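Just so you know, all these numbers are worked out from the coordinates, no wet-lab data involved. These figures come from a predicted structure and were not determined experimentally. Every residue, glycine as well, gets a Cβ built from its backbone with ideal geometry; the counts of neighbours run over all protein chains shown.
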Amino acid sequence: MNLILLGPPGAGKGTQAKILEEKRGLKQLSTGDMLRAAIAAGSEIGLKAKAIMDRGDLVSDDVILGIVANRMDQPDVAKGVVFDGFPRTPAQAAALDKMLASRGQKLHAVIEMKADDDELVARISGRFTCKTCGKGYNDTYAPTKIAGTCESCGGHEFVRRPDDNEKTVRDRLTVYNTQTAPLVGYYRETGKLHVVDGMAEIGAVTAAIGAVLDKLA
């Protein structure tokens, strides 16, 4: 089964993709990971991507599709894949459909993890981690039980990612709403779109996605 998890930054796509890997044997495919792997392997398509990136240009859709196709030739994706962060535009979606069809495969479902922009800003910009053990917290949703103290290791130093701030998060959401959100309409027309509440508790989101996949199976 081949799936796409669709949703804005911070909606939890990566978390749910990992759960689908563990529970259903589907392989999470991230374009960033695939690009790095192809470049590290020194494959023909990887070298082509590296040359483009070294020039400071964006990797073209045909190169991305080539990397995706090569990755789907590997034996560990036999049970299916979960596309995380790809496609990003209707043009990429159409190219992916064409590529899969050429291989006798298809996309089975697109699951939109619906999320509220303001809640996402609070979720992402409020993140911080313990510098000692890496346990994650959130100012709003998961603060430390004792102020300034990690409940896991007792550490007192915490760090925040530089890009986890309101302006950066809103800029990323603007890019998503402009470039990627149109995929919702594209996939709704194909009848493959299913919507779940991406702001629900992780287990509830997992259950909702599972219900969709069980029906398809």
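For the range 126-188, the list of chymotrypsin sites (Phe, Trp or Tyr not before Pro) that fall in a loop by DSSP and count at most 11 other C-beta atoms within 10 angstrom reads Tyr141. For the chain, the longest principal axis of the C-alpha atoms and the axis of helix 44-54 are separated by about 50°. Using C-alpha pairs under 8 Å with a sequence gap of at least 6, the mean separation divided by the residue count of the chain gives a relative contact order of 27 percent.
With both labels modelled 7 Å from their Cα along Cα-to-Cβ, the Asp118 to Arg24 distance reads 3.3 nm. Other residues within the sphere of radius under 10 Å centred on the Cβ of Leu183, judged by their own Cβ, net out at +1 (K and R +1, D and E -1).
Cα centroid separation, the range 95-158 to the range 170-199: 18 Å.
Computed over neighbours whose Cβ is under 15 Å from that of Val63, the net charge equals +1, Lys and Arg +1, Asp and Glu -1.
In order along the range 199-214, phi translates into HN-Hα couplings of 8, 6, 4, 3, x, 5, 5, 4, 5, 5, 5, x, 5, 4, 5, 5 Hz, rounded to whole numbers, per the Karplus curve 6.51 cos²θ - 1.76 cosθ + 1.60 with θ = phi - 60° and x for Gly and Pro. Loop-resident GluC sites (Glu not before Pro) (DSSP state other than H, G, I, E or B) in the range 108-217 with no more than 14 further Cβ atoms inside 10 Å of their Cβ: Glu151, Glu157, Glu201.
Between Lys145 and Asp73, the contour length at 0.36 nm per residue exceeds the alpha carbon distance by 21.2 nm. The range 10-42 and the range 70-88 have Cα centres lying 8 Å from one another.
Taking 41 Å as R0, compute the FRET efficiency from the Cβ-Cβ separation of Lys215 and Ser152 and round it to 0.05.
Numbers: r = 39 Å, r/R0 = 0.94.
According to the calculation, E is roughly 0.60.
Placing a pseudo-label 7 Å from each Cα along the Cα-to-Cβ vector at Glu44 and Asn138 gives an inter-label distance of 4.6 nm.
Efficiency by 1/(1 + (r/R0)^6): what FRET value for Ala94 and Asp33, r their Cβ-Cβ distance, R0 = 25 Å, to the nearest 0.05? Walk me through the intermediate numbers first.
Numbers: r = 23 Å, r/R0 = 0.93.
My answer for the efficiency is 0.60.
Each listed q (0.08, 0.11, 0.12 Å⁻¹) maps to a log10 I(q)/I(0) for the chain from the Debye sum over equal C-alpha point scatterers, namely -0.33, -0.62, -0.74. Each other residue within a Cβ distance under 11 Å of Cys130 adds +1 if Lys or Arg and -1 if Asp or Glu, for a net charge of 0.
Taking every DSSP beta bridge that has both residues in the chain, what percent is antiparallel when rounded to the nearest 5?
On the way: 7 of 23 bridges.
Roughly 30 percent of the DSSP beta bridges within the chain come out antiparallel.
Between Ala207 and Arg55, what FRET efficiency follows from the Cβ-Cβ distance if R0 is 41 Å, with the result rounded to 0.05? Mind dumping the intermediate values first?
Numbers: r = 46 Å, r/R0 = 1.11.
Once rounded, the FRET efficiency stands at 0.35.
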